[in-house]
Amino acid sequence: MKTLVYKRTHIGDPDEKGCFGIEDCMGRVRAYDFDSVIGVGGKSSQPRSQGIAEKLNWIGLGARKKTANNRRAPLVIFEHFVLYEANGERLEAIAPALAKRLLSQNVRVLMTFTRAEQKEVNKILDMAKDAPRSAPVNRLPEIRNNGGCGCGSRRGPDHPSKQKGCT
């Protein structure tokens, strides 16, 4: 199973229904060839302020991609999806080798793993094998427009992760 592990900067993507890309986060990375995704909170001030830093945030198994207008890459939904957000365990506690590589280096995305890391990835993926599926992507007309933020976020101009250049 091809797995994407990435560091997140904020909550809200994927949404609570399991749609990855709802805020157009991770842009072209969503188009990579993967079957599963593990989202881990990064170490910067934004993930810290949202309570997700260095924690397992979400898991998706059985990725299915759907092209959406006004997005850099497809939306992704999953056969099995679990969202922990701030309630996730610290990655170091459940996957120390993976945590060391992802969190101690300037790495944003991983798709190849050492033997020890792959064992930990498999353990994490097993945590979601009985989770329910994502909701179908039937809200596309609702999410196609920009919501008013010049950075491309669908959260509007006052979102907390507002980046330089937002209008």
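The numbers here are math on the coordinates, done by the rules we state, and not lab data. No experiment lies behind these values; they were computed from the predicted model shown. Cβ: placed from backbone, ideal geometry, glycine included. Neighbour counts: every protein chain shown.
For GluC sites (Glu not before Pro), the sites in the range 36-121 that DSSP calls loop and that have at most 15 other Cβ atoms within 10 Å are 89. For the range 1-106, trypsin sites (Lys or Arg not before Pro) meeting the loop criterion (DSSP other than H, G, I, E, B) and having at most 16 other Cβ atoms within 10 Å: 2, 17, 43, 72.
On full extension, the segment bounded by residue 135 and residue 28 gains 36.3 nm, given 0.36 nm per residue less the C-alpha separation. Going from the fewest other Cβ atoms within 10 Å to the most, the residues 34, 81 appear in the order 34, 81. Each distinct pair of alpha carbons in the range 3-143 adds a 1/r term; the inverse of their mean, the Kirkwood radius, is 14.9 Å.
What is the order of 84, 6, fewest Cβ neighbours within 10 Å to most?
84, 6
Cut-off is 10 Å between beta-carbons; in what order do 127, 1 appear when sorted fewest neighbours first?
Final ranking by Cβ density, sparse to dense: 1, 127.
Extension gain, residue 90 to residue 108, is 4.8 nm, computed as 0.36 nm per intervening residue step minus the present C-alpha separation. Across the range 3-143, Cα pairs under 8 Å and at least six residues apart give a relative contact order of 27 percent.
Suppose every Lys and Arg Cβ carries +1 and every Asp and Glu Cβ carries -1, with no other charges. What dipole size does the range 3-143 come out with about its Cα centre, to the nearest 20 debye?
Magnitude of the dipole: close to 380 debye.
Taking a ≥ b ≥ c as the square roots of the eigenvalues of the Cα gyration tensor, an a/c ratio of 1.5 or more together with a/b larger than b/c marks the range 1-77 as prolate.
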